[in-house]
1. Would you confirm, using the coordinates I've provided, whether Ala10 is open to solvent by less than 40 Å² (accessible area, probe 1.4 Å), part of a helix (DSSP H, G or I) and either touching a Lys or Arg at 6+ places or on another chain (Cβ under 7 Å) or modelled with pLDDT under 95 (or both)?
2. Which one is least open to solvent (accessible area, probe 1.4 Å), of the residues in region 15-33 that are outside any strand (DSSP E or B) and within 13 Å of Leu62 (Cα to Cα)?
3. Among the residues of region 34-69, write down those that are hydrophobic (A, V, I, L, M, F, W, C) and assigned to a loop (DSSP other than H, G, I, E, B).
4. Select from region 1-33 the residues that are among the β-branched types (Val, Ile, Thr) and touching a strand residue (DSSP E or B) at 6+ places or on another chain (Cβ under 7 Å) and list them in ascending order.
5. Suppose we filter Glu67, Glu41, Glu53, Glu35 for residues that are out of contact with any helix residue (DSSP H, G or I) (no Cβ under 6 Å at 6 or more places or on another chain) and in contact (Cβ under 8 Å) with a residue 24 or more places away in the chain; which single one remains?
6. State all residues of region 34-45 that are in contact with a strand residue (DSSP E or B) (Cβ under 6 Å, 6 or more places away or on another chain) and farther than 14 Å from Lys6 by Cα; if no residue qualifies, say none.
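The values are calculated or read from the model by the stated rules, or taken from the named source; none is laboratory data. Since the model is a prediction, treat every value here as computed from it, not as a measurement. Because the Cβ atoms are built from the backbone with ideal geometry, glycine has one as well, and the counts that use them run over all protein chains shown. Side chains included, ligands, DNA and RNA excluded: accessible areas come from the protein's heavy atoms. Shrake-Rupley method; radii C 1.70, N 1.55, O 1.52, S 1.80 Å.
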Amino acid sequence: MKKLSKIFVALKAGKRIVVGIDLGNKKSAVCWLDEDGKVVEQMTIASNCVALEKVFGKLPPLEIAIETG
């Protein structure tokens, strides 16, 4: 996934990345922040297992904060 290239660059540079996910019924907002709180990337994805696997499947383990409701 092309948009994730910034994430891989930040991780290779040794930056700590935290992911925030606002889960919705049909779509979810995803935002990656670096250790300085700067937005590295953000996107909207479908709220299903296929979309989550596509986005997070090739990434190493990350800290993730999830908001629902």
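1. In short, yes.
2. Ile17
3. Scanning region 34-69 gives Leu59, Leu62.
4. Ile7, Ile17, Val18, Val19, Ile21, Val30
5. The conditions single out Glu67.
6. Thr44, Ile45 - these are the residues of region 34-45 that are in contact with a strand residue (DSSP E or B) (Cβ under 6 Å, 6 or more places away or on another chain) and farther than 14 Å from Lys6 by Cα.
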